[in-house]
Amino acid sequence: KNISQGINTYAVLGEKYTTIGYINLLKRGSKAELEAEGILNAGFIEDRALSSTGKAIEKFDKTLFYFFETAEHINRGAAYFGAKSKGLAEGMTEAKAIEYAKKIVRDTQFVFGKIDTPLILSSDIGKTLGQFQSFTTKQIEFLAEMAKKAATGDEKAKNFFGLLRYAVAGTAFVYTIGKALGMKPADLIPSYRFGTPPSLKIPVAIGGEIGRAHV
């Protein structure tokens, strides 16, 4: 499901440069450039890391976060290379194009370091209730900002078509790849889902089984 965040890139960059971004991501040396420019910094891991309760869960976390890291590499890399190509095509110097690309990565894929965690999720209670919710908050902000600019900004048409691309691409994803993942059209609209924190799901499940065994 994390791969679906590429829809944000498509909403901002459009068909041509999103496609170029994915193509350039596959070229030799692409990962080295991403690492050199800090695009693959693991800030998102700090924010999304599970609060492990033991070595067994820590091992489980590493397997789980391998998939997160891979999705992050694809999403951020495609956004970076697509935006960099767009910047160069518009006459920017390479240095300016790289800075522009970094901005697009921040805008579409977000930054998840401690300093960027929403205030409401920074407290101990907020962290417990809102584990994994920073992404939802940032996605809401991303769409709200685009909608605001589409209504009142100087580039109304650009942002309107960006929202349209988001809706069309999101719907296509939901009814193709997303269908196999159990996604629904409603998933395109970010919303908070509170429940048992991921770090407690295994202990809670074990406790439930023990309780049922005693009954």
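The values are calculated or read from the model by the stated rules, or taken from the named source; none is laboratory data. Computed from a predicted structure; not experimentally measured. Every residue, glycine as well, gets a Cβ built from its backbone with ideal geometry; the counts of neighbours run over all protein chains shown. Each accessible area value is taken on the protein alone, full model and side chains, heavy atoms only, with ligands, DNA and RNA left out. Shrake-Rupley method; radii C 1.70, N 1.55, O 1.52, S 1.80 Å.
Any chance segment 43-56 includes a residue that's at pLDDT 60 or above and in contact with a helix residue (DSSP H, G or I) (Cβ under 8 Å, 6 or more places away or on another chain)? It would help to see each step written out before you state the result.
Going residue by residue through segment 43-56, those that are at pLDDT 60 or above are none.
No, segment 43-56 has no match at all.
Per-residue answers, yes or no, for (1) within 22 Å of ARG106 (Cβ to Cβ); (2) touching a Leu at 6+ places or on another chain (Cβ under 8 Å); (3) open to solvent by 90 Å² or more (accessible area, probe 1.4 Å); (4) modelled with pLDDT under 85:
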| site | (1), (2), (3), (4) |
| --- | --- |
| PHE135 | yes, no, no, yes |
| LEU163 | yes, yes, no, no |
| ALA167 | no, yes, no, no |
| GLY170 | yes, yes, no, no |
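Say whether the condition of being at pLDDT 70 or above, open to solvent by less than 30 Å² (accessible area, probe 1.4 Å) and part of a helix (DSSP H, G or I) is met by at least one residue in segment 149-159.
Yes: segment 149-159 contains one or more residues that are at pLDDT 70 or above, open to solvent by less than 30 Å² (accessible area, probe 1.4 Å) and part of a helix (DSSP H, G or I).
Tell me which residues, restricted to segment 15-44, are surrounded by fewer than 16 Cβ atoms within 10 Å (Cβ to Cβ) and among the acidic types (Asp, Glu).
GLU15, GLU35
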